[in-house]
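Comments concern the structure below.
The values are calculated or read from the model by the stated rules, or taken from the named source; none is laboratory data. These numbers were taken from a predicted model, which means no experiment stands behind them. A quick note on method: Cβ atoms are made from the backbone with ideal geometry, for glycine too, and the neighbour counts reach across all protein chains shown. Just so you know, the surface numbers come from the protein's heavy atoms only, side chains and all, with ligands and any DNA or RNA stripped out. Shrake-Rupley method; radii C 1.70, N 1.55, O 1.52, S 1.80 Å.
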Amino acid sequence: MELDIFDHHLRICSIAKHAIPDVTHCLVKLAFLKQASCKFFSFTETCDDYTLVVDEQGFTELPQNDSMKIMGDVWVPLRMSSSAFTPSEAVGITKIARSLIIPLADAGISVYCLSTYQTDFVLVKEVDINRVIECLPCSVQVFRESSGEHVSVSSGGQAGASGDSMGVTSVNPSGALSPRSITHKFSALQNKLYIASINPDSLHLIALQLIENMFYSSSFGELDENQERFFSLSLVKGDVSIVLDSHSLSRFAPNTLFVSNESWRMVKIGDSTDDLGFDECGIVAQMSDPIADGHISEYYISTFYSDHMFIPESATEDVLQLLINRQKSCNQQVNT
């Protein structure tokens, strides 16, 4: 396994729904103008807000006003990859749950996840980078980007050579290992979502449709019962990733996008009334641990107020049962 620490210093912002006209021009410039200096751009709309993740160059372009909340910490993106892969393997966060997500949670390091069509980024606070390196299994080779080059860094290897974390956080009075509990409410929504991409050189061909989805979704009409608005566009190092529902996808001409063969269902964790915050650690691990046990693919996108887990539509019932069983198991241990 290899872990890349990228030389991006990222800021996470929340834009109020009513204030999007104030920043539309700036966001169009950052996303679509080739001369823009922003190299890491992620825009996500939910029913709660618009969440923006940008690098320092992009952040300096943003207008500062009372309608924008800014997370004070600077974040750094990580990417874990494995040379061993077969088409039958689960993909997404499931692949890195044991080797990265759970070790970070056990070390008390909070993460912000951003899955894309191409890869999975795990953002950590810049102040925690040394702790990240120290807590990784020694089987993980760490590289740090510096001036465009990736330089090997020694890892602490505190988690053992195998890198196979058990996904547990405590020992109960009987001496048995306790499963990781799920502490926040979650709900499975009925949206059918797709993960898509396009050649970056063709981005201008769909700019109008993207702008319509980003800034004018209020004109799309009401969603069906138990559905919530979700649209995400990420532009990172020349890669384009789009997460959109079937209604938004229909606004693009056929064969315009590379679309995942699988359709996905969204499980939402927390909301604006159950603010997950940025200091609490282990939320992604709580949700991903039972999914990894089931060897089911999972993508994960964090936002300012809530987290969103994407699971294959065909595996929805299995995933919900895994999560419910984990909750019941932990509740029984608490009551005994």
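I need the P(r) histogram for the chain: all alpha carbon pairs, bin width 10 Å from 0 out to the longest distance, whole percents.
5, 26, 35, 25, 8, 1, 0
Taking every Cα atom in region 2-47, find the radius of gyration and the maximum pairwise distance Dmax, and write them in Å.
Cα radius of gyration and Dmax of region 2-47 are 13.2, 42 Å respectively.
With viscosity set to 0.692 mPa s and temperature to 37 °C, compute the Stokes-Einstein D of region 202-242, Rh being the Kirkwood radius across alpha carbon pairs; µm²/s, no decimals.
Using the Kirkwood radius from Cα pairs, D works out to 276 µm²/s.
Quick one: dipole size for region 30-69, taken about the Cα centre, charges +1 on Lys/Arg Cβ and -1 on Asp/Glu Cβ, in debye to the nearest 20.
Dipole magnitude for region 30-69 comes out near 220 debye.
Which far-off residues, 5 or more places away or on another chain, put their amide H under 5 Å from the one on Ile195, with H placed in the peptide plane?
The answer is Ser260.
Under a Cβ-only charge scheme (Lys and Arg +1, Asp and Glu -1), can you give me the dipole magnitude of region 1-122 about the Cα centre, in debye to the nearest 20?
200
Under 5 Å between amide H atoms, partner at least 5 residues away or on a different chain: which partners does Thr303 have, H built in plane at 1.01 Å?
His308
Based on Cβ point charges of +1 for Lys and Arg and -1 for Asp and Glu, what charge dipole magnitude is obtained for the chain about its Cα centre, in debye rounded to the nearest 20?
200
In square nanometres, what is the average projected area of the Cα convex hull of region 10-99?
Taking a quarter of the hull surface, the average projection is 8.3 nm².
Over 24 Å, how big is the tail of the calculated P(r) for region 171-308, in percent of all Cα pairs?
Tail fraction, whole percent: 42.
Pairs of Cα atoms under 8 Å, at least six residues apart: use those to get the relative contact order of region 189-295, whole percent.
42
Just the accessible area per residue of region 1-147, please: how many Å² with a 1.4 Å probe?
Accessible area per residue: 40 Å².
Step by step: find N for region 228-300, compute 2.2 N^0.38 Å, then divide the Cα radius of gyration by it. What's the final number? Don't jump to the answer; show the numbers that get you there.
Details: Rg = 15.3 Å, N = 73, 2.2 N^0.38 = 11.2 Å.
Dividing the Cα Rg of region 228-300 by 2.2 N^0.38 Å gives 1.36.
For the chain, which longest stretch is free of loop sites, where a loop site is one of the chymotrypsin sites (Phe, Trp or Tyr not before Pro) that DSSP puts outside H, G, I, E and B and that has at most 12 other Cβ atoms within 10 Å? If you can, show how the numbers build up before the last one.
On the way: sites that count: Phe85, Tyr216.
In short, 86-215.
When the accessible area of the chain is computed with all protein chains present and a 1.4 Å probe, what percentage of it is carbon and sulfur?
Carbon and sulfur together cover 48 percent of it.
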